[in-house]
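Only one structure is covered here, and it is reproduced in the block below.
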Amino acid sequence: MSFGRMPIANAFLTPCQFNDEYFYDLATAFCPACETFQIIDQPQAEQMFHEAYAFFTRTSRAMVDHFGVYADWVQQKFMGADDPFVVEIGCNDGAMLENFAKRGIRHLGIEPSANVAAEAARHGIRTDVTFFNLEVARRVRAQDGPANAIIAANVICHIPDINEVARGVAHLLATDGVFIFEEPYLGSMIEKGSYDQIYDEHVFIFSAGSVQNAFRPHGLELIDVMPQPTHGGSMRYVLARKGARRVAPAVQQAIASEAEQGLGRADTYESFRSRCERSRDELVKLIKGLRADGRRVAGYGATSKSTTVLNYCHLGPQDIEFISDTTPAKQNKFTPGTHIPVMAYEKFFGNYPDYAVLFAWNHEAEILAKEKGYAAAGGKWIKFVPEVKVA
Ligand code: JHZ
């Protein structure tokens, strides 16, 4: 399936950059042999992760809380060794590792985007500004010893060379160490029709089956899976060296439920494609209709996901007046490809639109709780996951 010509999801830009924008074809494929769902054309990692990376984890209070709970669980369950060592791949602004650092636990955040890594350092996190690979794993092990836990959140699916990740993890992990990561789950994306999870950074949308197949050749075994409510449905995967730890029954249960859901069948993806097309047509019709009636429509949350929605639906500033976002690095810039202004939250609060497209739909509970005033003033939300509707 192709979603068409797509810019880099987080490349928010200024008008003088409009003429040099980079585009690629956002198309997906499913491999029945290894059960991997992935994008085909993959922009270079350096085009996405650099010193001006626009996404900061701390922009969601609920996610910061979630990472606090995640970190506590890792510590209680897997950090019993004397002087344990934890490594996070892709630590962003340090929202997760801070929970280890403040307890004096030896840690290292490996983060290729220098600006978010600097924010992590500001919070007392030890960082290494680089992409994770086998060579880095060798260097870290030589300096700090083996890792009792290697953790990641919304990162492993961003790395095209998954075999290199597996080689690095297999080298760095202690004999009884664990590799734990979580990210948007294929089963949830198919169930909800949340096609906006597909963009350049998300090279893979993993499932229990595809994770098992990707890491098994490297001597790493999937020993547990735990569904998470974050990002519209995520899965946490726990891996260990083969035979080092007991495999929880949840692994086989997840694999059986993936088969039942049809994640290995072509017709599942045919239906998903039709659902994406229907969602696009309904959203465009709704927004164009409102604009024809003279209504003001804005967006809430200039997410990476919204780059896919806006470009796939060909919605621009004539349809969506502006998008409100709390991230300073995105404000007063324009959305990739569609050039809708991104404005500070005050613009939304001070001049409520008639309708607001909830692009950050995964943070709905957090946002609706703080935006009671918008609804009270007669403002309406446009949602598009799992179905297009006004609420
Ligand atoms: P949010 C990013 O995806 C990129 P995105 C990345 N590839 C990934 O995998 C996930 O994160 C984890 C703003 N906001 O979290 C802040 C408000 O304005 O859905 C963010 O710009 N007001 C690493 O970009 C955006 O919305 C608010 O009240 O799709 C949310 O982005 C809140 C809560 C957020 O991730």
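How big is D, in µm² s⁻¹, for the range 86-171 by Stokes-Einstein at 10 °C and 1.306 mPa s if Rh is the Kirkwood radius over C-alpha pairs? Spell out each step's value before the answer.
On the way: Rh = 12.7 Å.
Answer from the Stokes-Einstein relation: 125 µm²/s.
In vacuum, with every alpha carbon of the range 1-155 counted as one equal point scatterer, what does the Debye formula give for log10 I(q)/I(0) at q = 0.08, 0.17, 0.21 Å⁻¹? Two decimals, please.
Log10 of I(q)/I(0), two decimals: -0.29, -1.07, -1.29.
So what does log10 I(q)/I(0) come out to for the range 141-278 at q = 0.14, 0.18, 0.20 Å⁻¹, using the Debye formula with one equal point on every Cα and no solvent?
-0.65, -1.02, -1.22
Lysines near Lys242 by alpha-carbon distance under 21 Å, same-chain residues fewer than 8 away left out - which ones?
Leaving aside lysines fewer than 8 places away in the same chain, those within reach of Lys242 are Lys77.
How about the range 122-185: which trypsin sites (Lys or Arg not before Pro) there lie in a loop by DSSP and see at most 16 other Cβ atoms within 10 Å? It would help to have the intermediate numbers written out before the result.
Values: sites: Arg122, Arg126, Arg138, Arg139, Arg141, Arg167; in loops: Arg126.
Counting only loop positions with at most 16 other Cβ atoms within 10 Å, the trypsin sites (Lys or Arg not before Pro) in the range 122-185 are Arg126.
Which one, Gly299, Gly4, Ala137, is farthest towards the positive end of the dipole of the chain when Lys and Arg carry +1 and Asp and Glu -1 on their Cβ?
Checking the options against the dipole of the chain, the answer is Gly299.
Add +1 for every Lys or Arg and -1 for every Asp or Glu among the other residues with Cβ under 15 Å from the Cβ of Ala391, and state the total. Don't skip to the end; give the middle numbers.
Details: positive: Lys372, Lys380, Lys383, Lys389; negative: Glu282, Asp354, Glu364, Glu371, Glu387.
That sum, taken over residues with Cβ under 15 Å, equals -1.
Tell me, Kirkwood radius of the chain from alpha-carbon pair distances, in Å? Write down the numbers at each step before the final one.
Values: mean 1/r = 0.0461 Å⁻¹.
Roughly 21.7 Å, rounded to one decimal.
For the range 253-318, I need the span (max minus min coordinate) of the C-alpha atoms along each principal axis, in Å, sorted largest to smallest.
50, 22, 16
For the chain, what is the relative contact order in percent, using Cα pairs closer than 8 Å and at least 6 residues apart in sequence? Don't skip to the end; give the middle numbers.
Numbers: 768 pairs, mean separation 61.6, N = 391.
16 percent.
How large is Rg/Rh for the range 256-391, to two decimals, with Cα atoms and a Kirkwood Rh? Provide the component values of the computation, followed by the final result.
On the way: Rg = 16.1 Å, Rh = 15.8 Å.
Checking Rg against Rh, the ratio lands at 1.02.
Compute the relative contact order of the range 81-193 as a whole-number percentage, counting only Cα pairs closer than 8 Å that sit 6 or more residues apart in sequence. All intermediate terms of the calculation are to be shown ahead of the outcome.
Details: 200 pairs, mean separation 28.9, N = 113.
Averaging sequence separation for qualifying contacts and normalising by length gives 26 percent for the range 81-193.
Suppose a student asked you for the relative contact order of the range 113-251, using Cα pairs under 8 Å spaced at least 6 residues apart; what percent would you report?
23
Among the lysines, which have Cα under 30 Å from the Cα of Lys389 when same-chain residues fewer than 8 positions away are ignored?
Lys192, Lys285, Lys288, Lys305, Lys330, Lys333, Lys347, Lys370, Lys372, Lys380
Using Cα centres only, tell me the gap between the range 144-205 and the range 17-68 in whole Å.
The range 144-205 and the range 17-68 have Cα centres separated by 13 Å.
Per the helix-only calculation at 222 nm, which mean residue ellipticity applies to the chain, given -39500 (n - 2.57) for every DSSP H run of n ≥ 4 and division by its residues, nearest 500 deg cm²/dmol?
Numbers: 14 runs with 140 residues, N = 391.
When only DSSP H runs of four or more count, the value is -10500 deg cm²/dmol.
Values quoted throughout were computed directly from the atomic coordinates according to the rules given, and no laboratory measurement underlies them. Quantities reported herein were computed from a predicted structural model and do not represent experimental measurements. Neighbour counts run over all protein chains shown; Cβ positions are idealised from the backbone, glycine included.
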